[in-house]
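A short reminder: the numbers here are calculations on the coordinates, not readings from a lab. For clarity, every value in this text was computed on a predicted model and none was experimentally measured. For neighbour counting, all protein chains shown are included, and Cβ atoms are generated from backbone atoms with ideal geometry for every residue, glycine included.
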Amino acid sequence: MKKLLSSLGLLVLAAVTLTGCELYFGKSDDGGGQYNYCGADGYYSCNNGSCELVSTTCPGDPNGPTCETNADCAAGCFCQNGQCEEAGFCDPANPDATKCPDGFHCDDRSSCVPDECSDATPCPAGEVCNAGTCQPDPATCAGEVAATCNLVPPKCDVGSVATIVDGCYDGGCRAITSCDAPAVCGHLQHQEDCAGRNEDCKQVFIGINCTKPDGSACNMGDTGCTCQSFKYDRCDVK
């Protein structure tokens, strides 16, 4: 529902009746600007004189429904403990020009909202923290590397695997416990990690100084060979 405002008096009344999440009323003399007001039938968000009903109750109305997400609140507000609270406006296309308070970021409603994640509050596995919000991580532990990819995997520590983006290694490593899906057996670089996947992966070893019963050196495919020692070579599918 949209309507045009013809009087500034309604805005003055709104400033008196609005409680809780009081917003900046930025209407200019020529009818432009972004502002909000509380009318008899609900809460409106306005831009350049055109207003849209965004809620049937005003923020802070004790008799109205509580918010569940930031989107339930008017522009310039966020949802906290079921109530809409004010944090101010911002420009998502130019966040440096209109910075939000510390611990807040600019959302697609041009509103400052609390960060979902930080160094102290990491995102779930398979997501990364980007400007305070958890987003799908483009790098994954799962999947095969494309035959056309000419990049070699980085050397990862025990308990980690190389990450892949668009079928190629991206140069990063990730803890196996934080992967959103199991890596293929061939991507497990360390014997300890391969052994931990014994339900579907097997350890492959290379024999050192192997000889036949007559003492001659063993060749590939020979049987009955005896080796002085074995060295872990790779992880393979069972």
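Structural remarks
- Environment charge of Asp180, counting only residues whose C-beta is closer than 14 Å and scoring Lys/Arg +1, Asp/Glu -1: -1
- In segment 93-144, one over the average inverse separation of all distinct C-alpha pairs is 12.3 Å, which is the Kirkwood hydrodynamic radius.
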